[in-house]
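Notes to accompany the following structure.
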Amino acid sequence: MKLKNFMLAFVCSAFVFTACSDDDDNGNVTPLDVPEAVLKAFENKYGDVKDVKWEKKNNYNVARFQAGAITKADDSYTTSAWFDDNGSEKQVNQDIPFAKLPEAVKTAFADIQKAMYADWKADDEADVVNRLDMGLVYIIEIEKGQEERELSFTAAGILLKDVADDDDDDDILPVVVSEEIKKTIAGLFPDSKSVVIMEIEADDDETEIDVLDDGIHKEVKLDAKGNWVSTEFEVTLPDAMEIMNTLNPAILQKLQAMAAQAGIDLTNPEIISNTEVNVISHVTEGMYFEVEIEIGGKEIEVTIDKDGNISIGD
């Protein structure tokens, strides 16, 4: 009994905890409650880290401590490393000052804030998330009164998600990429030089996967059984016109004819910059295009299918 008490005292002196006994309401635990495989994996990677607090959360063993930035900067930031019981590190989260975000992320956020969230305030800190088998994600939280949103970016400043933050839990949980999803994504982009899975959201009906396909952000949807449903990505008007011409010249011809009839010059730089095009490949509908043209304070929404049939939105 004395030996056990001595060991517990020794462990709790080597690590700083808010609780040194059984789990409390916050899930804090002692190293004695952490699987040996996890402790060994942590020591192998973070051996020189001091003042570690362990917590059990969502079946993960979470180590919280101060460490250098994921991006290899010299500064020290609040860090949480998430391990499964086998000692496999699934994710590392860090809180970094907003000013330390990559310039590409700050620029992209500034553009979005100016266009959509001018009266929203960004937090002084942002989250950096490094998940196993996935790309690095930067998350900026903004608020306006009681409303909160999360904007997720790649390091290159590509916006991945803009969603309401209705969760009171500040932790960003690990996302595990199954072998089935890896196989599906590899099969969808066989000619790509680089395909990186960035985000995965799943419910009972479908799974949405954000990927970077040779640097282009694409959204892939799978049904409840994991079957591919659609792939969607945004391109510039000139790139879209090139895709249309390659797919079926009639598509481009009909778009140009419709634009000419409406007095829209698709070669006008202002029109080009004010036009958004989504390219969608669908399991039953094939490839089609959603074109949104902003002109004279009005928006014209057009959908063009693989045969060049055009439908105009309201």
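Looking at E294, is it of a type outside the set (A, V, I, L, M, F, W, C), touching a residue at least 12 places away in the same chain (Cβ under 8 Å) and touching a strand residue (DSSP E or B) at 6+ places or on another chain (Cβ under 9 Å)?
Against the criterion (of a type outside the set (A, V, I, L, M, F, W, C), touching a residue at least 12 places away in the same chain (Cβ under 8 Å) and touching a strand residue (DSSP E or B) at 6+ places or on another chain (Cβ under 9 Å)), E294 qualifies.
When the residues of the range 117-159 are narrowed to those that are free of Cβ contacts under 8 Å to residues at least 40 places away in the same chain and of a type in the set (A, V, I, L, M, F, W, C), which ends up nearest to M198 (Cα to Cα)?
I139
Applying the selection to the range 200-235, what residues are of a type in the set (V, I, T), under 19 Å from E276 (Cβ atoms) and free of Cβ contacts under 8 Å to residues at least 40 places away in the same chain?
Once the filter is applied, which keeps residues that are of a type in the set (V, I, T), under 19 Å from E276 (Cβ atoms) and free of Cβ contacts under 8 Å to residues at least 40 places away in the same chain, the range 200-235 yields only I216.
Within the range 119-138, track down each residue that is surrounded by 19 or more Cβ atoms within 10 Å (Cβ to Cβ), hydrophobic (A, V, I, L, M, F, W, C) and under 30 Å from E180 (Cα atoms).
Of everything in the range 119-138, those that are surrounded by 19 or more Cβ atoms within 10 Å (Cβ to Cβ), hydrophobic (A, V, I, L, M, F, W, C) and under 30 Å from E180 (Cα atoms) turn out to be V128, V129, M134, V137.
Which of the strands (runs of 3 or more DSSP E) contained wholly in the range 26-132 include at least 1 residues that are within 29 Å of D210 (Cα to Cα) and charged (D, E, K, R)?
Strands (runs of 3 or more DSSP E) meeting the threshold: 53-57, 60-68, 89-97, 125-131.
Listed here are the residues, each with its yes/no results for (1) surrounded by 13 or more Cβ atoms within 10 Å (Cβ to Cβ); (2) among the small types (G, A, S); (3) farther than 20 Å from Q91 by Cβ.
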{"position": "D162", "(1), (2), (3)": "yes, no, yes"}
{"position": "D170", "(1), (2), (3)": "no, no, no"}
{"position": "V175", "(1), (2), (3)": "yes, no, no"}
{"position": "E179", "(1), (2), (3)": "no, no, no"}
{"position": "S192", "(1), (2), (3)": "yes, yes, yes"}
{"position": "A202", "(1), (2), (3)": "yes, yes, no"}
{"position": "D205", "(1), (2), (3)": "no, no, yes"}
{"position": "I209", "(1), (2), (3)": "yes, no, no"}
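Filter the range 139-160 for residues that are assigned to a strand (DSSP E or B) and not charged (D, E, K, R); which is surrounded by the fewest Cβ atoms within 10 Å (Cβ to Cβ)?
L159
Show the residue pairs that are 6+ apart or on different chains and have beta-carbon atoms under 6 Å apart, the first residue being within the range 88-108 and farther than 15 Å from I172 by Cβ, the second being in a loop (DSSP other than H, G, I, E, B) and not small (G, A, S).
Here the result reads F98/D124, each pair linking the range 88-108 to a residue that is in a loop (DSSP other than H, G, I, E, B) and not small (G, A, S).
All but one of (1) within 20 Å of I158 (Cα to Cα); (2) in contact (Cβ under 8 Å) with a residue 24 or more places away in the chain; (3) crowded, with 17+ Cβ neighbours inside 10 Å hold for P238, so report the exception by its number.
The single condition P238 does not satisfy is (3).
Might you check whether a residue that is assigned by TED's automatic domain parsing to the domain that holds A155, small (G, A, S), more than 28 Å from G47 (Cβ to Cβ) and buried (at least 17 other Cβ atoms within 10 Å of the Cβ) occurs anywhere in the range 107-118?
Among the residues of the range 107-118, at least one is assigned by TED's automatic domain parsing to the domain that holds A155, small (G, A, S), more than 28 Å from G47 (Cβ to Cβ) and buried (at least 17 other Cβ atoms within 10 Å of the Cβ), which makes the answer yes.
Restricted to the range 71-98, and to residues that are modelled with pLDDT of 95 or more and among the hydrophobic types (A, V, I, L, M, F, W, C), which residue is farthest from V137 (Cα to Cα)?
That would be F83.
Taking the range 289-305, which residues are under 17 Å from T231 (Cβ atoms) and either basic (K, R) or within 25 Å of the chain's Cα centre (by Cα) (or both)?
The answer is F289, E290.
Do you know which of the residues in the range 40-70 that are of a type in the set (G, A, S) and modelled with pLDDT of 95 or more is farthest from D170 (Cα to Cα)?
Only one residue fits best here, namely A41.
The values are calculated or read from the model by the stated rules, or taken from the named source; none is laboratory data. As the structure is a computational prediction, the values presented were derived from the model and not from experiment. Neighbour counts are summed over all protein chains in view; Cβ atoms, including those assigned to glycine, are modelled from backbone coordinates with ideal geometry.
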